[in-house]
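Q: Provided herewith is a single structure, encoded as structure tokens, for subsequent inquiry.
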Amino acid sequence: MNDWQRKSPLDWETYVNKMVKVAAIEKHEYEGWVLTVDPVSASIVLATFLENEKVSVSVVLGHAVQEVKILKEGDDGMKQRLSGIFAPEESKAYSPEELEKRKNDLKTWLEANHIPVTEQGESGRTLCVAGVLTIDPPYGPEECSSSNEIILSRVQGLIQGYLEKQQ
Amino acid sequence: ATMPVPVPVGVLRLPRGPEGSSRGFSPTSPRFQALLGGDAAAQGVRAALRQRYLRGLAAAQGRPTRFCLRAGVQVDAVFGAADVEAVAIQVDALRTPLGVQAAALLRCTDVLAYSFFL
């Protein structure tokens, strides 16, 4: 492990949204805006904006990083732009009432199928299935989170089928 | 009538993992330490950084990617997938001097950097 890999997540976070120059082994150099640093491998993900609206993304593996120099800070506009690069596609916007109905309909259906579900979080907006999987608005398969891959895939399949029947 | 004799099911004994502990990850790794709990602020940052990284991997999937390997070697391939512990990267259509490999694994220790366009 090199010094860069030994840093803490809070340290790595200080580089996010900054323009940096990364010196890597074998005299390679990379420059770009830091999108993120992977906490598992300490790999640095850099973005460079090209003229034709394209974005070039470079990932420098953590084990190859020798030195990272901050060149400049990104302003709020740049931060917005960077956070949007990998953002998942915007789904249809639902009103608070529509979201509440979707949540209640799904909760009722899960309970009817003998799947334990509770409400959590602020104003109960998150559904918690069997204590191991959470579903955020707008309560589709993509909004399911769990550390158990098998349960995740099963529940995503169930919700997918449920939503298809609703159409 | 006699009952049919149940056919014994073969037991698959998997080899021990690379770290020898068979848990698939090292108990001293930062990842496992974070799993044990501790600093909530650091863990929150860890999760946010990791989530962005995983979204980045998802964005790379299926895109032509240039891999910068050791000793000045560069290869082009289509990004397939990465594994959890950053041991290897799976690629499709890897262009090598010997021809195009339909599918291949690149060891992360051999890769210095890779890039793709969005």
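The values are calculated or read from the model by the stated rules, or taken from the named source; none is laboratory data. Note that the structure is predicted; figures quoted are calculated from it, not measured. When we count neighbours, we look across all protein chains shown, and the Cβ atoms used for this are built from the backbone with ideal geometry, even at glycine.
Q: Taking the conditions exactly as written (in the same structural domain as B:Ala34 (by the TED database) and either free of Cβ contacts under 8 Å to residues at least 24 places away in the same chain or touching a His at 6+ places or on another chain (Cβ under 7 Å) (or both)), does B:Leu49 satisfy them or not?
A: Values: in the same structural domain as B:Ala34 (by the TED database): yes; either free of Cβ contacts under 8 Å to residues at least 24 places away in the same chain or touching a His at 6+ places or on another chain (Cβ under 7 Å) (or both): yes.
Yes: the conditions hold for B:Leu49.
Q: Let me ask something else about it. Can you tell me which residue is nearest to the other protein chains (Cβ to nearest Cβ) among those in region A:1-20 that are within 19 Å of the chain's Cα centre (by Cα) and among the β-branched types (Val, Ile, Thr)?
A: Within region A:1-20, the match that is nearest to the other protein chains (Cβ to nearest Cβ) is A:Val16.
Q: Considering only region A:136-154, state which residues are under 19 Å from B:Leu54 (Cβ atoms) and touching a residue at least 24 places away in the same chain (Cβ under 8 Å). Working first, answer last.
A: The first filter runs over region A:136-154 and keeps only residues under 19 Å from B:Leu54 (Cβ atoms), leaving A:136, A:140-153.
Result: A:Gly140, A:Glu142.
Q: Pick from region A:106-117 the residues that are in contact (Cβ under 8 Å) with a residue 12 or more places away in the chain and not in a loop (DSSP other than H, G, I, E, B): which of them is surrounded by the fewest Cβ atoms within 10 Å (Cβ to Cβ)?
A: Looking at the filtered set, the residue picked out is A:Trp109.
Q: From the list A:Leu50, A:Leu61, A:Leu46, A:Leu35, exactly one residue is within 24 Å of B:Thr28 (Cα to Cα) and either at the interface with chain B (Cβ under 9 Å from one of its Cβ atoms) or among the basic types (Lys, Arg) (or both). Which is it?
A: That would be A:Leu61, the only listed residue that is within 24 Å of B:Thr28 (Cα to Cα) and either at the interface with chain B (Cβ under 9 Å from one of its Cβ atoms) or among the basic types (Lys, Arg) (or both).
Q: Now for a separate question. Read through the list (1) loosely packed, with under 11 Cβ neighbours inside 10 Å; (2) among the charged types (D, E, K, R); (3) touching a strand residue (DSSP E or B) at 6+ places or on another chain (Cβ under 7 Å), then give the number of the only condition that A:Glu97 fails.
A: Against the list (1) loosely packed, with under 11 Cβ neighbours inside 10 Å; (2) among the charged types (D, E, K, R); (3) touching a strand residue (DSSP E or B) at 6+ places or on another chain (Cβ under 7 Å), A:Glu97 comes up short only on (3).
Q: Residues in region A:114-136 that are out of contact with any Pro (no Cβ under 9 Å at 6 or more places or on another chain) and at pLDDT below 90: how many?
A: Looking only at that region, the number is 6.
Q: So in region A:43-54, with the set limited to residues that are in contact with a strand residue (DSSP E or B) (Cβ under 7 Å, 6 or more places away or on another chain) and assigned to a loop (DSSP other than H, G, I, E, B), which one is nearest to B:Val45 (Cα to Cα)?
A: A:Ser43
Q: Taking the condition of being in contact (Cβ under 8 Å) with a residue 40 or more places away in the chain and assigned to a helix (DSSP H, G or I), how many residues in region A:12-39 meet it?
A: Total meeting the criteria: 1.
Q: Also, I was wondering about something else. Please give the number of the condition A:Trp4 fails out of (1) closer than 27 Å to B:Gln33 by Cβ; (2) surrounded by fewer than 19 Cβ atoms within 10 Å (Cβ to Cβ); (3) of a type in the set (Phe, Trp, Tyr).
A: (2)
Q: Sticking with this one: Check A:Lys69 against each of (1) within 22 Å of B:Val111 (Cβ to Cβ); (2) touching a Lys or Arg at 6+ places or on another chain (Cβ under 7 Å) and name the one condition it does not meet.
A: Every listed condition holds for A:Lys69 apart from (1).
Q: Of all residues in region A:70-99, which are at pLDDT 90 or above and of a type in the set (Asp, Glu)?
A: Of everything in region A:70-99, those that are at pLDDT 90 or above and of a type in the set (Asp, Glu) turn out to be A:Glu73, A:Asp75, A:Asp76.
Q: In region A:21-57, which residue that is surrounded by fewer than 21 Cβ atoms within 10 Å (Cβ to Cβ) and of a type in the set (Ser, Thr, Tyr) is nearest to the chain's Cα centre (by Cα)?
A: Among them, the one singled out is A:Ser41.
Q: Based on what the data block shows, is A:Ile85 closer than 30 Å to A:Val59 by Cβ and touching a strand residue (DSSP E or B) at 6+ places or on another chain (Cβ under 7 Å)?
A: Taking the combined requirement at face value, the residue satisfies it.
Q: Which of the residues that make up region A:55-104 are in contact with a Ser or Thr (Cβ under 8 Å, 6 or more places away or on another chain) and assigned to a loop (DSSP other than H, G, I, E, B)?
A: The answer is A:Leu61, and nothing else.
Q: Does A:Gln160 qualify as being in contact with a Ser or Thr (Cβ under 7 Å, 6 or more places away or on another chain), farther than 30 Å from A:Ala23 by Cβ and not assigned by the TED database to the domain that holds A:Lys21?
A: no
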